[in-house]
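The values are calculated or read from the model by the stated rules, or taken from the named source; none is laboratory data. Nothing here was measured: the structure is a model prediction, and the numbers come from that model. Counting neighbours? That spans all protein chains shown, and the Cβs are built from the backbone with ideal geometry, glycine included.
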Amino acid sequence: MKKVISIILAISMIFTLFVPAFADNGETAEHNPAECKNVPVIIVRGMDFGGLYLDCGTENEAPAINTDAEMIVKGVFSAIGKGIAKFSFDGIIDGVKDLATDIFKSLSMDENGDSLYNVGVPKYPESADNYENLRNGEGFELGMTRTCIEAFGEGHTYYVNYDWRLDPYVVADDINETVNAAIENTGHDKVNIVCCSMGGIMTVAYLTEYGYEKVNRCLFMSSTFCGAQVASDLLCGKVDIKAENLYNMLKNMTADNKFLSFIIDALDFVGGFDALTKVTDFILDNYKDEVFADVIKPIFGRMLTLWGLTQPEDYENAINYMFGGRNEENEAFLKRTDALQEMMNGRTALISEMLENGVEIAVVAHYGTPVVPVYENSDFNGDGTLETYQMSGYATVAPYGETLGDDYVAKNPEYLSPDRVVDLSNALFPEYTYIIKDAPHVAGSYGTDYADFLVWLLSYEGEFYAGASEKYPQFMVSDGSQKLEKF
Ligand SMILES: [Zn+2]
């Protein structure tokens, strides 16, 4: 009898030990989607420029962008050496071309626009709470992911990482798999999509290819859903460094440092920027075609993403610049770029149809920070990375540092920003578009006011339009800590 009792005791002890473990897992088993108000969130991240790996996931894994310091130092010395040896600038340019090729070679695509080398990215097939780096994210998409995990519960947030060079239609397959996994694992029948930056065009591809039946709400955050001027300019060969754009960028970068800011102004006063751009003009005039032919075209020319981002009015130009006279031999590739242009041309009608069928959207765009001053249209107002014009769905936006003017009359005065810089009257979806001055590209860092705004965008249950909450009006101003205020 004693033996029986001790066996029973032992069994119950084992049971007690295991019950907490079962209870932990039970959280998902008990989850009842019919009662749960948290719609699963799919975060489609933006371009992770340095996030591509050769032989990803194997023991040979190495960053696809080769930034080995020793190699770069050698490359720079070799460039200078070649310049001295040839007593000319040609040698330096040759050296720089070699160096750039060494750094970016692994990003090259084959002639059809697929990766030439075995390049990949880490994937996150399970819900985001299963991954330490996603659970502990701080800034940008990682911060958003952590915010969503904490706001909407374990198992309700998914993170889509992808090779940003690929055909958006290829990335659309990944988004589709993630959407299906979220629906299957949670039992909910729809998801909310948050697409950031480059994730915008990838999401347009998903919606075009797979439809919107599984989408409850879609947030376009600092996104490329209308392409990007920088890609358009690059593929058209419109590389340019203008004194004023360079000044604007440096002035913005040094805004918090009175001394440096003064130096920048002094440099501008003595004509330093004009002198500097005389040098860059000389380089561009003499070497641009060569650098494009030897470096830019072979490495970046066949990235289908860039072709999707190209503006419709620049598309023919871009084809002529990149493939002039050789359209026939590039037929297979151009078929894919045509398909992407067609997709972007159909985007507005598709999103309008989504809205008519009950899918909710928000477009969130920022302005007030100059873009990188290396292309012809670098005077566009932006968020430091992309142009507000495209991110906002083609609002009328004054060039950086300017306003639309005191005489400017907005078609709908309510849609003009208080500083007369952005007018949403002509934007694609003005009633669903938020404009935030001085917020950085892809905001939403963990623990900030902006993160609360993101949670509100994903969970608000009333009629969903820009300004539906007094707390988050259509026009807002951000500060360095992403604190939001009514403009
Ligand atoms: Zn749920």
For region 190-205, what are the residues that are in a helix (DSSP H, G or I) and hydroxyl-bearing (Ser, Thr, Tyr)? 203
Check off (1) surrounded by fewer than 15 Cβ atoms within 10 Å (Cβ to Cβ); (2) touching a residue at least 24 places away in the same chain (Cβ under 8 Å) for residue 58 and give me the number that stays unchecked. (2)
Contacts under 6 angstrom Cβ, first residue in region 351-376 being more than 30 Å from residue 248 (Cβ to Cβ), partner assigned to a helix (DSSP H, G or I) and not basic (Lys, Arg), 6 or more apart: 361/432
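If you scan region 147-177, which residues turn out to be within 16 Å of the ligand (Cβ to nearest atom) and either closer than 18 Å to residue 34 by Cα or in contact (Cβ under 8 Å) with a residue 60 or more places away in the chain (or both)?
148, 151, 152, 153, 154, 155, 156, 157, 158
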Do we have residue 316 as in contact (Cβ under 8 Å) with a residue 24 or more places away in the chain, of a type outside the set (Lys, Arg) and part of a helix (DSSP H, G or I) here? no
Looking at (1) surrounded by fewer than 21 Cβ atoms within 10 Å (Cβ to Cβ); (2) part of a helix (DSSP H, G or I), which is the only condition residue 216 fails? (2)
Which of the residues spanning region 249-273 are among the charged types (D, E, K, R) and part of a helix (DSSP H, G or I)? 251, 258, 265, 268
Just to be sure before I move on: is residue 206 among the hydroxyl-bearing types (Ser, Thr, Tyr) and either within 16 Å of the ligand (Cβ to nearest atom) or free of Cβ contacts under 8 Å to residues at least 12 places away in the same chain (or both) in the structure I sent? no
Here is a list: 452, 423. Which entry is of a type outside the set (Phe, Trp, Tyr), modelled with pLDDT of 95 or more and more than 21 Å from residue 367 (Cβ to Cβ)? 452
Does residue 184 qualify as being within 14 Å of the ligand (Cβ to nearest atom) and acidic (Asp, Glu)? yes
Does residue 393 satisfy being in a loop (DSSP other than H, G, I, E, B), within 16 Å of residue 222 (Cβ to Cβ) and of a type outside the set (Lys, Arg)? yes
Select from region 54-71 the residues that are at pLDDT below 80 and more than 16 Å from residue 107 (Cβ to Cβ) and write down the one among them that is farthest from the ligand (Cβ to nearest atom). 70
Quick count over region 38-53, residues being away from the ligand (no atom under 14 Å from the Cβ) and assigned to a loop (DSSP other than H, G, I, E, B), is 8
Give all pairs with beta carbons closer than 8 Å in which a residue from region 29-45 that is closer than 17 Å to residue 361 by Cα and of a type in the set (A, V, I, L, M) meets a residue that is assigned to a loop (DSSP other than H, G, I, E, B) and near the ligand (Cβ under 9 Å from one of its atoms); count only pairs at least 6 apart in sequence or on separate chains. 39/156; 39/188; 41/156
Test residue 196 against the stated conditions and say whether it is away from the ligand (no atom under 16 Å from the Cβ) and more than 19 Å from residue 442 (Cβ to Cβ). no
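Per-residue answers, yes or no, for (1) more than 19 Å from the chain's Cα centre (by Cα); (2) within 30 Å of residue 283 (Cβ to Cβ):
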position: 337; (1), (2): yes, yes
position: 340; (1), (2): no, no
position: 345; (1), (2): yes, no
position: 356; (1), (2): yes, no
position: 360; (1), (2): yes, no
position: 364; (1), (2): no, no
position: 373; (1), (2): no, yes
Tally the residues that are surrounded by fewer than 15 Cβ atoms within 10 Å (Cβ to Cβ) and within 20 Å of the chain's Cα centre (by Cα), restricting the search to region 86-132. 1
